[in-house]
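Notes follow once the structure below has been shown.
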Amino acid sequence: PLEAFYWAVQLIGRLVGLVLLVATLLAVFNFSFGIRRLYIRILLHLFEQAVEKRRPPSRKESSDNLSRDNRLIQRHAKLTTEGIELLHADCASSDDPSKASTSSQKRPFHLSDLCVFVQSGIESIIEDEVTKRFAAEDLASWNLLTRTNKYQFISSRLTCYWVLGCILRYCILFPFRMLLALTAVLYLVIGSLIIALLPWPGLRRYLNSILTPTAFRLFARAFSAVLRFHDVENMPRNNGICVANHTSPIDVVVLGCRQVFSIVGQSHGGFTGFMQKTLHRTSPHIWFERSESSDASVVKRKLEEHVSTPGLPPVLIFPEGTCINNTSVMMFRKGGFEAGGVVYPVAIKYDPRFADCFWNSSACGMVTYLFMMMTSWAIVADVWYLPPQIQQEGESSVAFANR
């Protein structure tokens, strides 16, 4: 038995090593067999079978059958004029069933009716347009994950799907994704150390143009990422400034799969800080302390030097200054629009059916967030490279950022 166990462990180890080697080679040559896209199609078919789309229930249907799927996943509608009339009609029918079919019959106003209006008013104040951008995105239907919608018993079929999904995500996909992510980290760390020792700047830039995108493609495969790039003819060029909306730290991985960037961002500690130092060995990134007011002028000066130095990779900036929940874009700050040069806007949109990619840094750390992503179904994102923009004559940096 011990020999059989030892042989089985050796066999599994060799298979895992072979798979990691193949995945690394595929990332180097940017090639895919289409397995992830097939996996996404299977998930879409599963979601259609597991969570049927039905029309929103009426108020009476919801009260009659609280266990319906759509009752558990639908949000309450805002109180409108039609809703008020429906409320009065429902109240009239509950007081006198014989009046249920007569729409003109309405019961007198009761003081308890104020509760509905107070609830609606408080919800409107709390859930304003800005505040909702810093909370997890609401889904039209449950995607069998537990981050946006906590698990509740809806039906035996959905429970079976959920249990099988947990086994797949936590016991099969997560260990392999973790090994792939560790391989990407080791590949990036060792490669950056070797490149940093080379005395030839031109050779360092060339090798880094291979190393960094390959490492990011490995990271993307660790999330089972399916990325679709549109209008690639508008991709950022050297010495340009790339501005993008910001949902997650994975934004850097998504954009870095195709080219090398010099990233402008806040310096961090822990694992994020370690990765920042690793990236800084091979490319001139700009890290700053948000609490230091003097860093703003330093960043501006470094941006101007970077844009005016030939041959340097484009700068990547997230002008919103924080992560937004994949539903909106906040106003851009002017810092990235003061350095001059060509600005390349990029729009990133994640498909929330497969993972909630929004990172709420005040609620969880980087390691916890990465664990959530690696135990989700997949990362599916669309990237649009928009036409490059140049600051117009007489246009201020604030107006340029707003435009």
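Please work out if K277 is under 17 Å from C242 (Cα atoms) and assigned to a helix (DSSP H, G or I). Full working, then the answer.
Details: under 17 Å from C242 (Cα atoms): no; assigned to a helix (DSSP H, G or I): yes.
Judged against the criteria, K277 is not a match.
Residue by residue, here is whether (1) modelled with pLDDT under 80; (2) in contact with a helix residue (DSSP H, G or I) (Cβ under 9 Å, 6 or more places away or on another chain); (3) open to solvent by 80 Å² or more (accessible area, probe 1.4 Å); (4) not β-branched (V, I, T) holds:
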{"residue": "Y6", "(1), (2), (3), (4)": "no, no, yes, yes"}
{"residue": "V9", "(1), (2), (3), (4)": "no, no, no, no"}
{"residue": "V16", "(1), (2), (3), (4)": "no, yes, no, no"}
{"residue": "V22", "(1), (2), (3), (4)": "no, no, no, no"}
{"residue": "A27", "(1), (2), (3), (4)": "no, yes, no, yes"}
{"residue": "R36", "(1), (2), (3), (4)": "no, yes, no, yes"}
{"residue": "H45", "(1), (2), (3), (4)": "no, no, yes, yes"}
{"residue": "A50", "(1), (2), (3), (4)": "yes, yes, no, yes"}
{"residue": "R54", "(1), (2), (3), (4)": "yes, yes, yes, yes"}
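Which of the residues spanning region 334-348 are out of contact with any Asp or Glu (no Cβ under 8 Å at 6 or more places or on another chain) and open to solvent by less than 20 Å² (accessible area, probe 1.4 Å)?
Correct list: G336, F337, V343, V346.
Surrounded by fewer than 18 Cβ atoms within 10 Å (Cβ to Cβ) and in contact (Cβ under 8 Å) with a residue 24 or more places away in the chain, is that true of F176?
Against the criterion (surrounded by fewer than 18 Cβ atoms within 10 Å (Cβ to Cβ) and in contact (Cβ under 8 Å) with a residue 24 or more places away in the chain), F176 qualifies.
Since M331 meets every condition but one in (1) modelled with pLDDT of 90 or more; (2) surrounded by fewer than 19 Cβ atoms within 10 Å (Cβ to Cβ); (3) part of a loop (DSSP other than H, G, I, E, B); (4) aliphatic (A, V, I, L, M), which condition does it not meet?
(1)
Could you check region 227-261 and list, in sequence order, the residues that are in a strand (DSSP E or B) and either free of Cβ contacts under 8 Å to residues at least 40 places away in the same chain or open to solvent by less than 20 Å² (accessible area, probe 1.4 Å) (or both)?
Initially, region 227-261 is screened for residues in a strand (DSSP E or B), giving 227-230, 241-244.
I241, C242, V243, A244 - these are the residues of region 227-261 that are in a strand (DSSP E or B) and either free of Cβ contacts under 8 Å to residues at least 40 places away in the same chain or open to solvent by less than 20 Å² (accessible area, probe 1.4 Å) (or both).
Got a sec? Which of D231, D251 is farther than 18 Å from L26 by Cβ, under 20 Å from the mean Cα position of the chain (by Cα) and among the acidic types (D, E)? Please lay out each step first, then the result.
On the way: D231 fails: under 20 Å from the mean Cα position of the chain (by Cα).
Within the list D231, D251, the selection yields D251.
Scan region 359-379 residue by residue and report those that are under 16 Å from A136 (Cβ atoms), assigned to a loop (DSSP other than H, G, I, E, B) and either at pLDDT below 90 or hydroxyl-bearing (S, T, Y) (or both).
If the condition is that a residue be under 16 Å from A136 (Cβ atoms), assigned to a loop (DSSP other than H, G, I, E, B) and either at pLDDT below 90 or hydroxyl-bearing (S, T, Y) (or both), then N360, S361, S362, A363, C364, T375, S376 are the ones that fit.
Find the residue count for region 299-326, including only residues that are over 30 Å from the mean Cα position of the chain (by Cα) and either open to solvent by less than 60 Å² (accessible area, probe 1.4 Å) or under 24 Å from R258 (Cα atoms) (or both).
4
Going by the conditions given, is E393 open to solvent by 70 Å² or more (accessible area, probe 1.4 Å) and outside any loop (DSSP other than H, G, I, E, B)?
Spelling it out, it is not the case that E393 is open to solvent by 70 Å² or more (accessible area, probe 1.4 Å) and outside any loop (DSSP other than H, G, I, E, B).
Please pick out the residue among D351, D356, D382 that is closer than 18 Å to H246 by Cα, at pLDDT 95 or above and either out of contact with any strand residue (DSSP E or B) (no Cβ under 8 Å at 6 or more places or on another chain) or open to solvent by 20 Å² or more (accessible area, probe 1.4 Å) (or both).
On the way: D351 fails: at pLDDT 95 or above; D356 fails: at pLDDT 95 or above.
The conditions single out D382.
So D382 passes all but one of these: (1) outside any strand (DSSP E or B); (2) within 27 Å of R36 (Cα to Cα). Which condition number does it fail?
(1)
Within region 301-317, does at least one residue satisfy the condition of being charged (D, E, K, R), within 23 Å of M235 (Cβ to Cβ) and assigned to a loop (DSSP other than H, G, I, E, B)?
no
For every residue, the table says whether it meets (1) among the basic types (K, R); (2) open to solvent by 40 Å² or more (accessible area, probe 1.4 Å); (3) at pLDDT 90 or above; (4) touching a Leu at 6+ places or on another chain (Cβ under 8 Å).
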{"position": "S155", "(1), (2), (3), (4)": "no, no, no, no"}
{"position": "T159", "(1), (2), (3), (4)": "no, no, no, no"}
{"position": "R169", "(1), (2), (3), (4)": "yes, no, yes, no"}
{"position": "L186", "(1), (2), (3), (4)": "no, yes, yes, no"}
{"position": "V189", "(1), (2), (3), (4)": "no, no, yes, no"}
{"position": "S192", "(1), (2), (3), (4)": "no, no, yes, yes"}
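Suppose we filter region 1-25 for residues that are hydrophobic (A, V, I, L, M, F, W, C) and in contact (Cβ under 8 Å) with a residue 40 or more places away in the chain; how many remain?
Taking region 1-25 and keeping what is hydrophobic (A, V, I, L, M, F, W, C), we get 2, 4-5, 7-9, 11-12, 15-16, 18-23, 25.
When the remaining residues are screened for being in contact (Cβ under 8 Å) with a residue 40 or more places away in the chain, the result is 16, 19-20, 23.
Matching residues across region 1-25 total 4.
Exactly one of these conditions fails for V367: (1) on the phi > 0 side of the Ramachandran plot; (2) open to solvent by 30 Å² or more (accessible area, probe 1.4 Å); (3) touching a Phe, Trp or Tyr at 6+ places or on another chain (Cβ under 8 Å). Give me its number.
(1)
The values are calculated or read from the model by the stated rules, or taken from the named source; none is laboratory data. All of these numbers come straight from a predicted model, not from anything done at the bench. No Cβ is skipped: glycine too gets one built from the backbone with ideal geometry, and neighbour counts run over all protein chains shown. Accessible surface is based on the protein model in full, side chains and every heavy atom, while ligands, DNA and RNA are left aside. Shrake-Rupley method; radii C 1.70, N 1.55, O 1.52, S 1.80 Å.
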